[in-house]
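Bear in mind these aren't lab numbers, they're just calculated from the coordinates by the rules spelled out. Since the model is a prediction, treat every value here as computed from it, not as a measurement. Positions of Cβ are generated from backbone atoms using ideal geometry, with glycine treated the same way; all protein chains shown enter the neighbour counts.
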Amino acid sequence: MDPVGGGCLCRRIRYEYRGEVGPAAYCHCEDCRRCTGGAFNVGVRLEAAGFRVLLGEPKAFTKTADSGHSLTRHFCTDCGSPIYTSSPRHPTFVYVKAGSLDDPTIVKPVYQSWTSSAVTWAFIPSGLSGYEKGRGNQGLESGGNP
Ligand SMILES: [Zn+2]
Ligand SMILES: [Zn+2]
């Protein structure tokens, strides 16, 4: 099986994974909203034994989650990208941020949690205006601007 690669925005942190890619889940909890800067987190469960940081050294931040269990979030200190989360309660797994994967098509979401704290803008209305690329000079597109 070919290894799966991933890493942060500035590429100072790179990881690889050998093994079966586990289920992915959306999390709408407030901690995930804050640490991703987005509406929710998408985490992909991987076997810790097959996960290895190849390059760089992510910084770890540990906090007690709303669930009452402590979670450690690992991120790049240079570009700030969140990379993965680990939990002493589930030491055989790591949960990588879905967007950090080189090939995001392997992500298979199977459930969402903490929907009680989901924000209304976590769900994209079907009628929302869409642009195949940036919107131009309006200042709110991604891929270069905020
Ligand atoms: Zn980085
Ligand atoms: Zn969460």
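A few notes on this one:
- Taking a straight Cα-Cα cut-off under 30 Å and skipping sequence neighbours fewer than 8 places away in the same chain, the lysines within cross-link reach of residue 59 are 97, 108.
- For the range 4-116, alpha-carbon Rg over 2.2 N^0.38 Å: 0.98
- Residue exposure sequence - 4, 96, 107 - by fewest surrounding Cβ within 10 Å: 107, 4, 96
- Length available on full extension from residue 129 to residue 77: 0.36 nm per residue minus the Cα-Cα distance, which gives 15.2 nm.
- Multiplying the residue separation of residue 121 and residue 69 by 0.36 nm and subtracting their alpha-carbon distance yields 16.0 nm.
- The chymotrypsin sites (Phe, Trp or Tyr not before Pro) found in the range 71-142 that occupy coil by DSSP, while having at most 13 further C-beta atoms within 10 Å, are 123, 131.
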